[in-house]
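The values are calculated or read from the model by the stated rules, or taken from the named source; none is laboratory data. What you are looking at is a predicted structure, and each value in this text was computed from that prediction instead of being measured. Here the Cβ positions follow ideal geometry from the backbone for every residue, glycine too, while neighbour counts run over all protein chains shown.
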């Protein structure tokens with residue numbers, strides 16, 4: 001328990017912890033589905049639980065597992081509360097990102113609503129953003145081809161105003 005003197009001073013700490021608790025409950029509820037989707041791809045869920053965010057993004061990442069023998073696959077479990085969005089970004093050449101929806105629904109780019117029974121592939125250098133509307137989303141993300149690319153270089157953020165104009169297009 002934090003005291004008034006020891007509590008971290010960054011904004012919305014209590015809300016952040018609350019969101020993490022909700023996200024964790026969603027993850028535990030849907031863990032069998034997540035494990036099944038990974039098994040179909042020859043991957044597992046033996047990763048270390050983490051609490052990870054990216055600058056400019058409201059997504060919470062609950063787990064990250066690297067599979068070097070499976071084409072450098074990086075598995076992430078992402079939770080996004082209602083009315084939240086990620087940053088506008090691309091991934092480096094050679095990195096393919098697959099969204100596998102577990103619960104709720106996610107909107108990719110401006111208006112493509114993706115439901116749990118479907119997945120979506122993001123190709124290298126494809127400008128994209130995901131967001132939610134009235135419903136939260138729990139998503140399994142499998143990124144292929146990340147061998148040797150540091151985590152900090154996997155998401156190349158774009159200026160939000162310029163990036164919105166490029167959603168769904170490819171950049172050099």
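For residue 95, indicate whether it is within 13 Å of the chain's Cα centre (by Cα) and crowded, with 18+ Cβ neighbours inside 10 Å. The answer is no for residue 95. With the condition kept exactly as written, say whether any residue in the range 22-41 is surrounded by 10 or more Cβ atoms within 10 Å (Cβ to Cβ), modelled with pLDDT under 85 and farther than 15 Å from residue 140 by Cα. Yes, there is a match, as at least one residue in the range 22-41 is surrounded by 10 or more Cβ atoms within 10 Å (Cβ to Cβ), modelled with pLDDT under 85 and farther than 15 Å from residue 140 by Cα. Residue-level check: of (1) surrounded by 10 or more Cβ atoms within 10 Å (Cβ to Cβ); (2) part of a loop (DSSP other than H, G, I, E, B); (3) at pLDDT below 80, residue 4 misses just (1). Does residue 102 satisfy the condition of being in contact (Cβ under 8 Å) with a residue 12 or more places away in the chain and under 19 Å from residue 45 (Cα atoms)? Spelling it out, residue 102 is indeed in contact (Cβ under 8 Å) with a residue 12 or more places away in the chain and under 19 Å from residue 45 (Cα atoms). Considering the range 55-172, the qualifying strands (runs of 3 or more DSSP E), each wholly inside and each with 3 or more residues that are under 25 Å from residue 27 (Cβ atoms) and either at pLDDT 85 or above or in contact with a strand residue (DSSP E or B) (Cβ under 7 Å, 6 or more places away or on another chain) (or both), run over 60-67, 73-80, 96-104, 106-108, 119-122, 137-144. Considering only the range 135-144, how many residues are more than 13 Å from the chain's Cα centre (by Cα) and either more than 9 Å from residue 81 (Cα to Cα) or free of Cβ contacts under 8 Å to residues at least 24 places away in the same chain (or both)? Result for the range 135-144: 1. Would you confirm whether or not the range 42-52 contains a residue that is surrounded by fewer than 15 Cβ atoms within 10 Å (Cβ to Cβ) and modelled with pLDDT of 80 or more? Yes, the range 42-52 has at least one match.
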